[in-house]
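Engineer: Structure incoming, see below.
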Amino acid sequence: MEQARLRILELERELQHAKLDLDDAGVQLNAALHDLSLLNQQASDLKISEIRSKFGSLFQDLSAPLAQLLTQDYLQNVQGKSLNGKDVQATLQRLIRNLKKHGLEIVEEVGSSARFDSVKHEALDLDDTIKEGEDVLVRMCGIGFAGKVLRRASVSKIPKPE
């Protein structure tokens, strides 16, 4: 009987230690969850900061050519002045250079020939049926970003010589 009572006391003591260990584990778990929440918030803040920085850099690079385009638009549409094509072309080239710096990709150059690839090309004339690999003429360039085609280049069949 005495042994049973000692065994019960020993088990109660083990149970008490287990409860204390469980309480301690709960406190540690709550602290870890709090730390995880802080890390997630910091990662989110960092992503937002990186995105703002990238957009800030993009907008900084685009600000001058966009201001030039807006001025050219004002001169033509409000003041009725004619624009110098070379000025417009220079502004466009500056804009394209800056966009390329930030990842813009030109998919095919206008006037070039290529083998039709439905991922990169679309027929300019919807009634035109062009087969994969067929020689085509690029009529309007496509636009890509980070290896992904955002706007396919418009193409047409190469006219057969008469």
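Here, each number is a calculation from the coordinates, and none is a lab measurement. On a predicted model such as this, the values are computed, not experimentally measured, just so you know. Virtual Cβ from ideal backbone geometry, glycine too; neighbours counted across all protein chains shown.
Engineer: Based on the Cα gyration tensor of the range 40-92, what are the three equivalent ellipsoid semi-axes, each the root of five times an eigenvalue, rounded to whole Å and given largest first? Let's see the in-between values first.
Structural biologist: On the way: eigenvalues 285, 23, 5 Å².
Equivalent ellipsoid of the range 40-92: 38, 11, 5 Å, largest first.
Engineer: Shifting gears a bit: For the chain, take the longest principal axis of its alpha carbons; what is the angle in degrees between that and the long axis of helix 85-101, to the nearest 10 within 0 to 90?
Structural biologist: Tilt relative to the chain: about 20 degrees.
Engineer: Still on this structure, please answer the following. Give me the extension gain from residue 127 to residue 145: residue separation times 0.36 nm, minus the current Cα-Cα distance, reported in nm with one decimal.
Structural biologist: Values: separation 18, 0.36 × 18 = 6.48 nm, distance 2.86 nm.
Stretched out fully, the residue 127 to residue 145 stretch lengthens by 3.6 nm.
Engineer: On the Cα set of the range 105-162, report Rg and Dmax in Å, please.
Structural biologist: 11.0, 42
Engineer: In deg cm²/dmol, rounded to 500, what helix-only [θ] at 222 nm does the chain give when every DSSP H run of at least 4 residues adds -39500 (n - 2.57) and the total is split over its residues?
Structural biologist: Working: 2 runs with 93 residues, N = 162.
That comes out to -21500 deg cm²/dmol.
Engineer: Work out how much length residue 45 to residue 156 would gain on full extension: take 0.36 nm times their residue separation and subtract the Cα-Cα distance, in nm to one decimal.
Structural biologist: On the way: separation 111, 0.36 × 111 = 39.96 nm, distance 4.77 nm.
Extending this stretch completely gives an extra 35.2 nm.
Engineer: Would you mind calculating the gained length between residue 18 and residue 70 on full extension (0.36 nm times residue separation, minus the Cα-Cα distance), in nm to one decimal?
Structural biologist: Fully extending the segment from residue 18 to residue 70 adds 11.4 nm.
Engineer: Springs between alpha-carbon pairs under 10 angstrom, Gaussian network model over the chain: which of 57, 49, 37 fluctuates most?
Structural biologist: Checking each option, the largest mean-square fluctuation is seen for 37.
Engineer: A further question follows. For the range 1-122, what ratio Rg/Rh do Cα atoms give with a Kirkwood hydrodynamic radius? Numbers along the way, then the final one.
Structural biologist: Details: Rg = 34.3 Å, Rh = 22.0 Å.
Expressed as Rg/Rh, it is 1.56.
Engineer: Less than 25 Å apart at the alpha-carbon level, and either on another chain or at least 8 residues along: which lysines does that give for residue 131?
Structural biologist: 120, 148, 157, 160
Engineer: Let me ask something additional. Tell me, 155, 78 in order of fewest to most beta-carbon neighbours within 10 Å? Provide the component values of the computation, followed by the final result.
Structural biologist: On the way: 155 28, 78 8.
Ranking 155, 78 by Cβ neighbours within 10 Å, fewest first, gives 78, 155.
Engineer: With axes computed from alpha carbons, what is the tilt in degrees of helix 2-77 against the longest principal axis of the chain, rounded to the nearest 10 within 0 to 90?
Structural biologist: 20 degrees
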